[in-house]
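Chemist: Pasting a structure below so you can have a look.
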Amino acid sequence: METKPPLPPFTAESAAQKVRMAEDAWNSRDADRVVQVYTHDTRWRNRAEFPVGREQVHGFLVRKWQRELDYRLIKELWAFTGNRIAVRFAYEWHDDSGQWFRSYGNENWEFNEQGLMQRRFASINDLPIAEGDRLFFWPLGRRPDDHAGLSDLGL
């Protein structure tokens with residue numbers, strides 16, 4: 001049976017590890033990699049989209065990263081209990097016209113016993129920003145360990 005440690009029930013340490021692993025995967029912008037941490041019948045709410053199952057989530061992610069260019073994400077653990085984790089996040093990206101955005105949001109995650117995410121509820125707001133207001137400058141991919149997190153950046 002497929003498992004994705006750390007497994008619930010979560011501790012502060014294992015929940016923070018799960019959040020960082022999710023951040024790293026999403027910063028890869030690799031839909032094939034990202035969908036592997038979700039159950040085959042995962043259920044999402046992301047803005048006005050409600051994908052169900054890995055195939056729909058995969059399509060959602062491909063479209064997302066075609067539209068949200070130079071995507072860089074920071075996630076932070078907000079709360080956890082049992083098999084659930086609450087996360088807050090911010091990410092920066094630009095559209096094909098060069099307009100930069102910082103997107104802020106919260107996610108609620110629920111995991112099965114194997115550590116796969118079975119439900120994800122995301123609420124997201126997009127704020128247009130000037131290029132000079134950007135805060136996330138690491139090379140595309142994983143955020144370096146010494147880069148400031150959301151709280152350190154005052155976000």
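Chemist: Helix-only mean residue ellipticity at 222 nm, the chain, DSSP H runs n ≥ 4 weighted -39,500 (n - 2.57), per residue, nearest 500. What is it?
Modeler: -7000 deg cm²/dmol
Chemist: Would you kindly derive the ³J(HN,Hα) couplings of the range 70-81 from the backbone phi angles with the Karplus curve 6.51 cos²θ - 1.76 cosθ + 1.60 (θ = phi - 60°), listing them in order in whole Hz, with x for Gly and Pro?
Modeler: 6, 5, 9, 10, 10, 10, 9, 4, 9, 7, 7, 6
Chemist: Quick check: Cα centre of the range 92-140 to Cα centre of the range 10-50, how many Å?
Modeler: Result: 12 Å between the Cα centres.
Chemist: Starting from the Cα gyration tensor of the range 90-155, take the square roots of the eigenvalues, sort them a ≥ b ≥ c, and report rounded, prolate or oblate (rounded when a/c is under 1.5, otherwise prolate if a/b is larger than b/c, else oblate).
Modeler: Cα axes put the range 90-155 in the prolate bin.
Chemist: Now a separate question. Looking at the chain, which longest stretch skips every one of the GluC sites (Glu not before Pro) that is in a DSSP loop with at most 14 other Cβ atoms within 10 Å, leaving the sites themselves out?
Modeler: Maximal segment without exposed cleavage sites: 3-112.
Chemist: Also, I was wondering about something else. Mind sorting out which of (i) 18.4, 57; (ii) 17.0, 61; (iii) 15.1, 48 is the real Rg and Dmax of the Cα atoms in Å computed from the coordinates?
Modeler: Computed from these coordinates, Rg and Dmax of the Cα atoms in Å corresponds to label (iii).
Chemist: Could you work out the relative contact order of the range 3-135, using alpha carbon pairs under 8 angstrom and six or more residues apart, expressed as a whole percent?
Modeler: Worked out over the range 3-135, it gives 27 percent.
Chemist: Here is a further query. Along the range 49-66, what does the Karplus equation 6.51 cos²θ - 1.76 cosθ + 1.60 (θ = phi - 60°) give for ³J(HN,Hα), rounded to whole Hz, x for Gly and Pro?
Modeler: Coupling constants for the range 49-66: 10, 10, x, 10, x, 4, 4, 5, 5, 4, x, 4, 5, 4, 4, 4, 7, 6 Hz.
Chemist: Determine the order of Met21, Met1, Met117 by accessible area, beginning with the largest, at a probe radius of 1.4 Å.
Modeler: In descending accessible area the options line up as Met1, Met21, Met117.
Chemist: Over the range 11-155, with every protein chain in place, what whole percent of the accessible area is carbon and sulfur at 1.4 Å, could you tell me?
Modeler: 50
The values are calculated or read from the model by the stated rules, or taken from the named source; none is laboratory data. Owing to the predicted nature of the structure, the values given are computational and were not obtained by experimental measurement. We place every Cβ from the backbone using ideal geometry, glycine too, and count neighbours over all the protein chains shown. Keep in mind that these areas ignore ligands, DNA and RNA; they rest on the heavy atoms of the full protein, side chains included. Shrake-Rupley method; radii C 1.70, N 1.55, O 1.52, S 1.80 Å.
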